[in-house]
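Some notes on the structure that comes next.
The values are calculated or read from the model by the stated rules, or taken from the named source; none is laboratory data. Computed from a predicted structure; not experimentally measured. Methodologically, a virtual Cβ is constructed for each residue, glycine included, from the backbone with ideal geometry; neighbour enumeration extends over all protein chains shown.
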Amino acid sequence: MSQRPPIAPRSPRAALEPEQVPQPPKHSQRARNTFVVVGNAIITFLVVAMLLVGGVFFYGKKTIEAKGPLAEDKVVNIPPRAGMTDIGDILQRNGVISADRWTFIGSVLAMNARSGLKSGEYLFQKNASLRDVINTIVEGKVVQHSITIPEGLTSEQIVARIQDNDIFAGSLKEQPREGTLLPDTYNFPRGTPRDQVIQRMQQAQKRVLAEVWARRNPDIPVRSPEQLVTLASIVEKETGKADERSRVAAVFTNRLRQRIKLQSDPTIIYGLVGGKGTLGRPIKRSEIQQPSPYNTYVIDGLPPGPIANPGRASLEATANPARTRDLFFVADGTGGHTFTETYDQHQKGVAKLRAMERQQQNDTVEADDQPVAATPPAAAAPAAAAPAKPASMPKAAPKGAAPRASAPASIIASEPPADGAARKRTAKRAPAAAPAEPEEEKTQ
């Protein structure tokens, strides 16, 4: 059995008195050391800081990578010299981000993207996250606007289109020379200076012209790239059909070889109105023989310069024309042309065209002359067809004279539409061997 401590008898009074608590042990002198206290405080601070940083990192990552509020793609313009606060306000105002400006600034700083923010017009994707938005701005993925310059426009007409387009900035100091701009489709960001647009078109023209000139047929009767552009501009204005360009080029090439006047109507128009490009009316017969450096009815060979800006297809067709002996072409009434080698064959084509035009006129007149059946008051009366314009008759050769080989290849009375749509050669007057009455207008 275990030994129990002996019971010390106490008086009732002593039993009611509290027992004395033993004195606490003395603190270690080591625990009271200043370095230990500071170390413990530092460790505590670091632990708390790590927990805070971890929480902020987790919250920030979740905020940056969360889906944005955009319900659909949207274009937003950030103006030049906009700071982080301004950009954040713009994005929030346009509904690109849901975070406030301070969250945006914090995200930019966290991504170390402050120096990379760029102005411009940006397309933000649907539900783009804050990270995606900032990356788009930093990478400079600005919206590209497409502008199409149709073939056959003059430099003045092209400059007018660029001046009227509000995506460009600045003004042009001078008008580019005719034939130095390449018609094509270009992409530019909003705010591109207009002189840079012209420079890009000129650089493209130089590059394409060098490539085409290097692959040209060495037998063509042009001696320089500039002459090639001049002849190609005439080809460009003569036809809008891709499959006819090389054959039209062959007609003019054959005429140059045989020292026959080109006799192209677009050169008359350019000599009369210059870079405006369109006469606005049919050519008068008196204007056919009106002296002008560009009037190929009067001058021999090529005019002194281009009459428009030809496209790549016309340059290539002129550099490598079809191998034919054609000297004439006339409209076939269907939008194309009939090509012939002799004047007699050409006159047959002219007669066929005139017969078709007369038939169209007769059909129109007959349709107008037919009585209109009575209609109920509630029904609308059919509109009468507009009469077609009469076509001018071909000029006849003098009696007893042989047909001239230098009869005009074609005479055009239409120009490309101002809206840049594909050009359609709607009417052509037949070539002739002798001038007709003065001041009578050629009609379409």
When residues of segment 148-166 are limited to those that are surrounded by fewer than 18 Cβ atoms within 10 Å (Cβ to Cβ) and in contact (Cβ under 8 Å) with a residue 12 or more places away in the chain, the one farthest from residue 79 (Cα to Cα): 156
Take the conditions surrounded by fewer than 16 Cβ atoms within 10 Å (Cβ to Cβ) and modelled with pLDDT of 95 or more and apply them to residue 175. Does it pass? no
Matching entry among 210, 242, 204 (being closer than 20 Å to residue 335 by Cα and hydrophobic (A, V, I, L, M, F, W, C)): 242
For segment 268-282, which residues satisfy the criterion of being touching a residue at least 24 places away in the same chain (Cβ under 8 Å) and over 22 Å from residue 339 (Cβ atoms)? 269, 270, 271, 274, 275, 276, 277, 278, 279, 281, 282
Are there helices (runs of 4 or more DSSP H) fully within segment 105-223 with at least 1 residues that are closer than 30 Å to residue 254 by Cβ and of a type in the set (Asp, Glu)? List them. 194-214
Please give the number of the condition residue 264 fails out of (1) surrounded by 23 or more Cβ atoms within 10 Å (Cβ to Cβ); (2) touching a Leu at 6+ places or on another chain (Cβ under 8 Å). (2)
For residue 111, indicate whether it is more than 28 Å from the chain's Cα centre (by Cα) and over 22 Å from residue 143 (Cβ atoms). yes
Yes or no: segment 318-326 includes at least one residue that is of a type outside the set (Lys, Arg), within 25 Å of residue 230 (Cβ to Cβ) and in a helix (DSSP H, G or I). yes
Applying the selection to segment 65-102, what residues are surrounded by 13 or more Cβ atoms within 10 Å (Cβ to Cβ) and aliphatic (A, V, I, L, M)? 66, 70, 76, 78, 82, 84, 87, 90, 91, 96, 97, 99
Residues in segment 284-301 that are surrounded by fewer than 21 Cβ atoms within 10 Å (Cβ to Cβ) and of a type in the set (A, V, I, L, M) total 2
Select from segment 224-261 the residues that are in a loop (DSSP other than H, G, I, E, B) and of a type in the set (Lys, Arg) and write down the one among them that is nearest to residue 154 (Cα to Cα). 241
Can you tell me which residue is surrounded by the fewest Cβ atoms within 10 Å (Cβ to Cβ) among those in segment 231-245 that are within 16 Å of residue 183 (Cβ to Cβ) and not charged (D, E, K, R)? 242
Would you point out the residue of segment 262-290, among those that are part of a loop (DSSP other than H, G, I, E, B) and touching a Lys or Arg at 6+ places or on another chain (Cβ under 7 Å), that is modelled with the highest pLDDT? 262
